[in-house]
Amino acid sequence: MNRAQLLAAGSELLYREGYYLDRQQWQDWLGLYTQDCELWAPSWIGEHRQITDPQSEISLLYLAGHGRLLERVERIVSGASPASVPLPRTCHQVSNILLLDHEPGRMTLHSAFRVDYFHQKKTGAFFGHYEHRLVADGEAWRIAGKRITLMNDFIPTVLDLYHV
Amino acid sequence: MDARVRELPLRDFSRYIDARPQDGVLRIHLDLFRDPELFELEMRYIYERSWVFVGHAAQIPQPNDFITGVVGRTPIILQRGGDGQVRAFINHCSHRGATVATTQAGNARRHKCPYHGWMFDSTGKCLQVTDEALGGYTDAFRRLSHDLPQVARLEEYRGFFFASLNPDVMPLREYLGDAAVFMDSWIDQSPDGLEVVRGDANFTYGGNWKMVFENCLDIYHAKTLHASFGTMVMNRVKRQGADENRSVDLNNFISAEAEVSYYIFPKGHGGMWLRGAGKREDRPSYAMWQEMAARVGEDKADMMVSGRVVAIFPNILLVESATFQMRLIRPVAVDKTEVYAFCLAPKGEPAAARALRIRQYEDFFSATGVATPDDTTVYERVQQGDQARSIEWNQGYHRGLALLRDGPDEAARRIGIEPLHSISGNIGIQGEAVYLGVYQGWLEQMQRGQAQLAGVQA
Ligand code: FES
Ligand SMILES: [Fe+2]
């Protein structure tokens, strides 16, 4: 694959992730991730500095392994968590996609995101940057790593997987 | 009489707290959660008269480190001066009032006001009035101190800094009383004390500040509100075994064999101590149990690996339920609250235990985790429900009231504390009657504040 083809395939996957989250197709969303995936939203330790080590510092989200994603999804759909009942309506927008790095079977993409949500008559938004590490799995690409740099980190009541 | 008080009518605060434990009644008027004028008075009479927690020494370890915060509505800077001493001064430029520090934390030898350039050092002293010589200033002006005013009182309890705008406030140690023994049970986990694990996850909710204060002493909600957390932990163990990212099992935590004590301390502080519940080896601190037991004795070491809470009125919560978090409450409006969350941990904790602590913390207590968002969501629902103006009281303070007794219980004696009242027994009591002390503290401070500021006898 050349750069343009990689970028097209990678962008398609990023758009698809937002599509599944916005449509609450949780199983399809989970299917985008590898078994040993890592979803990481580091927290801030200054105006422009973030933590670097999730083992010795607090993250906003640090979910290592597919099982961690699955259990969060199970909770979201269980109806047993008032924070997710009703679920907000969300709209993921992903843009400014750059191919940062690639080698056979792997690529790293930078992008900007904005997730608008509507919940209980209130509108809000989370925004920031993503860095996706994708790996080839046969014909398809899967997410091995998603790093979320969340800019507005003063959490208004709830922040869950569907907000970012 | 203070000019600010004349604008608001004097209130008989005793009518809001219907505490008659001898008749089996404890009721708190819903106006405490919904009346904006009462919120204003709480700011004046509690937050701006009493002791308020403003930060931990570990947040400002180096000379010139500072954090910003508020005492009531007064913006402050808590800063370690170049001389190593910590001071609190008001973040309000003497010239025309701009805040001189804007970031939540930083390191600065000087604060330069952005507006007209007056300069202050890290002790709050004014170094320079811009172009003073050219300014045609009067002698009267030159006689003024241009320094940033120090907050009237700043005292430390073992790394915990409290400030007060009231020069006549009682000594901090007296204010904390035996609630400090609960604080010790975290501080003494390591011979080197506590550190703050880096990384912020602060949050807001659309509800009154007392909701989070109440909630930290509320075990009653764990089984229902946090059912999804319990299920998650159960499934995790089933799928991956108990050692994989283990979290404290809430179902075990609130199991029938557990014993619990609730303590009512003077000044509105409340404590909760849970014994014989949860697998204590699931707690990160258990990695240090041997050393702790040898140093402080088994009774105190047992306390250090058990579930426990101390809520220091009005704005600091130390909560170890499924994991340990400290919270600083910052009321913004009657129906809006900010919470600053801290992961405090014993210094010198082994790396594996630290990583487990961090995972448990993110799981349960983080605003992005699987428990706290359920709590904040229900605070908002309570705030909505409490708008029912035809309803003045609810029934939410009665559990355990029949078991209320004066003085310490057996467990309190073991660790040498003298609470005003104890409520103890099987975990099932989930003694919400502990709020009796919280609201008696509220009432005393409101009455005293009004008496002092308005010159009226309570
Ligand atoms: S307001 Fe600070 S220098 Fe004028
Ligand atoms: Fe809770």
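The values are calculated or read from the model by the stated rules, or taken from the named source; none is laboratory data. Everything quoted here is computed from the prediction, not taken from an experiment. Reconstructed Cβ throughout: ideal geometry from the backbone, glycine too, with neighbour counts over all protein chains shown. We work out accessible area using only protein heavy atoms, side chains counted, and drop any ligands, DNA or RNA first. Shrake-Rupley method; radii C 1.70, N 1.55, O 1.52, S 1.80 Å.
Does B:S285 meet the test of being in contact with an Asp or Glu (Cβ under 8 Å, 6 or more places away or on another chain) and within 19 Å of B:S247 (Cα to Cα)? So B:S285 passes the test.
Residues that are at pLDDT below 85 and of a type in the set (S, T, Y) were ranked within segment B:208-260; the one that is farthest from B:A412 (Cα to Cα) is B:S247.
Can you find even one residue in segment B:187-207 that is under 16 Å from the mean Cα position of the chain (by Cα), within 18 Å of B:K267 (Cα to Cα) and open to solvent by less than 30 Å² (accessible area, probe 1.4 Å)? Scanning segment B:187-207 turns up no residue that is under 16 Å from the mean Cα position of the chain (by Cα), within 18 Å of B:K267 (Cα to Cα) and open to solvent by less than 30 Å² (accessible area, probe 1.4 Å).
Select from segment B:47-62 the residues that are assigned to a loop (DSSP other than H, G, I, E, B) and touching a strand residue (DSSP E or B) at 6+ places or on another chain (Cβ under 6 Å) and write down the one among them that is nearest to B:Q450 (Cα to Cα). Per the criteria, the residue is B:W51. Taking the criterion of being more than 18 Å from the chain's Cα centre (by Cα) and acidic (D, E), the residues of segment A:94-143 that qualify are A:D101, A:E103, A:D137, A:E139.
Rundown of residues vs (1) acidic (D, E); (2) more than 22 Å from the chain's Cα centre (by Cα); (3) closer than 26 Å to B:A388 by Cα, yes/no style:
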{"residue": "B:F13", "(1), (2), (3)": "no, yes, yes"}
{"residue": "B:Q22", "(1), (2), (3)": "no, yes, no"}
{"residue": "B:R34", "(1), (2), (3)": "no, no, yes"}
{"residue": "B:E42", "(1), (2), (3)": "yes, no, yes"}
{"residue": "B:Q59", "(1), (2), (3)": "no, no, no"}
{"residue": "B:I67", "(1), (2), (3)": "no, no, no"}
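In segment A:40-56, the residue that is farthest from the other protein chains (Cβ to nearest Cβ) out of those that are assigned to a loop (DSSP other than H, G, I, E, B), of a type outside the set (A, V, I, L, M) and in contact with a Pro (Cβ under 8 Å, 6 or more places away or on another chain) is A:T52.
One line per residue, one yes/no per condition, for (1) within 14 Å of ligand 2 (Cβ to nearest atom); (2) under 21 Å from A:R68 (Cβ atoms):
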site: B:L317; (1), (2): yes, no
site: B:R327; (1), (2): yes, no
site: B:K336; (1), (2): no, no
site: B:E349; (1), (2): no, no
site: B:S366; (1), (2): yes, yes
site: B:T377; (1), (2): yes, no
site: B:N394; (1), (2): no, no
site: B:L403; (1), (2): no, no
site: B:G407; (1), (2): no, no
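Here is a yes/no grid of residues against (1) open to solvent by 20 Å² or more (accessible area, probe 1.4 Å); (2) away from ligand 2 (no atom under 16 Å from the Cβ); (3) not hydrophobic (A, V, I, L, M, F, W, C):
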position: B:G117; (1), (2), (3): no, yes, yes
position: B:D121; (1), (2), (3): yes, yes, yes
position: B:L127; (1), (2), (3): yes, yes, no
position: B:G136; (1), (2), (3): yes, yes, yes
position: B:M170; (1), (2), (3): yes, yes, no
position: B:R173; (1), (2), (3): yes, yes, yes
position: B:D178; (1), (2), (3): yes, yes, yes
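Just one of the listed residues (B:G55, B:G97, B:G84, B:G72) is open to solvent by less than 40 Å² (accessible area, probe 1.4 Å), free of Cβ contacts under 8 Å to residues at least 12 places away in the same chain and on the phi > 0 side of the Ramachandran plot, and it is B:G97. Could you please find all residues in segment A:139-164 being open to solvent by 30 Å² or more (accessible area, probe 1.4 Å) and within 14 Å of chain B (Cβ to nearest Cβ)? Across segment A:139-164, the qualifying residues are A:M151, A:N152, A:D153, A:F154, A:P156. A single member of B:M232, B:M211 is within 11 Å of chain A (Cβ to nearest Cβ), more than 25 Å from B:A88 (Cβ to Cβ) and of a type in the set (A, V, I, L, M), and it is B:M232. B:H146 passes every criterion in (1) away from ligand 1 (no atom under 16 Å from the Cβ); (2) without any contact (Cβ under 8 Å) to a residue 60 or more places away in the chain apart from (1). No other residue among B:A412, B:A402 is out of contact with any helix residue (DSSP H, G or I) (no Cβ under 8 Å at 6 or more places or on another chain) and either open to solvent by 30 Å² or more (accessible area, probe 1.4 Å) or at the interface with chain A (Cβ under 9 Å from one of its Cβ atoms) (or both) apart from B:A402. Of all the residues in segment B:310-331, those that are open to solvent by 10 Å² or more (accessible area, probe 1.4 Å) and within 12 Å of another protein chain (Cβ to nearest Cβ) number 1. The C-beta contact set for segment A:37-57 (first residue in contact (Cβ under 8 Å) with a residue 12 or more places away in the chain, second residue open to solvent by less than 40 Å² (accessible area, probe 1.4 Å) and basic (K, R), distance under 8 angstrom, 6+ apart or interchain) comprises A:C37/A:K146; A:E38/A:K146; A:L39/A:R68; A:L39/A:K146; A:W40/A:K146.
Yes/no matrix, rows are residues, columns are (1) more than 25 Å from B:A412 (Cα to Cα); (2) out of contact with any Lys or Arg (no Cβ under 7 Å at 6 or more places or on another chain); (3) small (G, A, S):
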| residue | (1), (2), (3) |
| --- | --- |
| B:L154 | yes, no, no |
| B:E174 | no, yes, no |
| B:W186 | no, yes, no |
| B:D192 | yes, no, no |
| B:G199 | yes, yes, yes |
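Under the condition of being without any contact (Cβ under 8 Å) to a residue 24 or more places away in the chain and over 24 Å from A:R72 (Cα atoms), the residues counted in segment B:187-244 number 1. Does A:G105 satisfy the condition of being small (G, A, S) and within 14 Å of another protein chain (Cβ to nearest Cβ)? When the stated conditions are applied, A:G105 does not pass them.
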